[in-house]
Amino acid sequence: MHELSLAASVMDFLEGLSREQGFKKIEAVYIEIGGMTHIDPAQFRFSLKLVSQGTLAEGCKIYIKRKDPVLRCSSCGKEIKINLKDLGSMPLSFKCQYCGGELRVEKGRELLLKRVRGTRK
């Protein structure tokens with residue numbers, strides 16, 4: 001369950017940010033998870049709630065948005081967006097549907113803390 005260690009890292013960052021920004025309480029966090037990270041949003045949310053206990057983020061609202069992966073052809077440069085619903089039925093080797101070139105992941109491996117809302121001291 002790598003979600004727990006990722007949540008702990010996010011919480012460490014939030015605690016540092018809270019000190020830096022003078023927050024007395026973190027009200028909400030907004031997170032984007034790339035579709036190829038293999039992070040389960042429900043498990044990640046649970047893990048964040050768990051590691052936030054006893055911190056300034058305890059009880060905060062957690063908004064998680066999944067982002068569809070984007071692949072780019074190394075030959076022709078075409079960008080291809082993959083619907084997360086179709087990801088499970090796709091082949092392991094990606095080939096460009098336009099030229100047959102190899103596709104590489106352009107977006108979709110991110111875990112981004114997009115916004116933090118807190119109240120100041």
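Every number in this text was worked out from the coordinates using simple rules, so none of it is lab data. What you see is a predicted model, and the numbers here were worked out from it, not measured in a lab. As a convention, Cβ positions derive from the backbone with ideal geometry for all residues, glycine included, and neighbour counts pool all protein chains shown.
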Taking H placed 1.01 Å from N in the peptide plane, check which residues at least 5 places from G108 or on another chain put their amide H under 5 Å from its amide H. V70
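For the chain, what is the mean residue ellipticity at 222 nm derived from helices alone (per DSSP H run of n ≥ 4: -39500 (n - 2.57); sum divided by total residues; nearest 500 deg cm²/dmol)? Walk me through the intermediate numbers first.
Working: 2 runs with 31 residues, N = 121.
So the helix-based figure for the chain works out to -8500 deg cm²/dmol.
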Would you count, across the chain, every pair of lysines whose alpha carbons are under 14 angstrom apart, provided the pair is eight or more residues apart or spans two chains? 14
Principal-axis tilt of helix 41-51 within the chain, Cα atoms, nearest 10 degrees: 30 degrees
Where does the charge balance sit around I62 when Lys and Arg score +1, Asp and Glu -1, over other residues with C-beta under 13 Å from its C-beta? +3
Testing the spin-label approximation: label points 7 Å from Cα along Cα→Cβ at E79 and L50. State their distance in nm. 3.7 nm
For region 1-97, the dipole about the Cα centre with charges only on Cβ (Lys and Arg +1, Asp and Glu -1), to the nearest 20 debye, works out at 320 debye
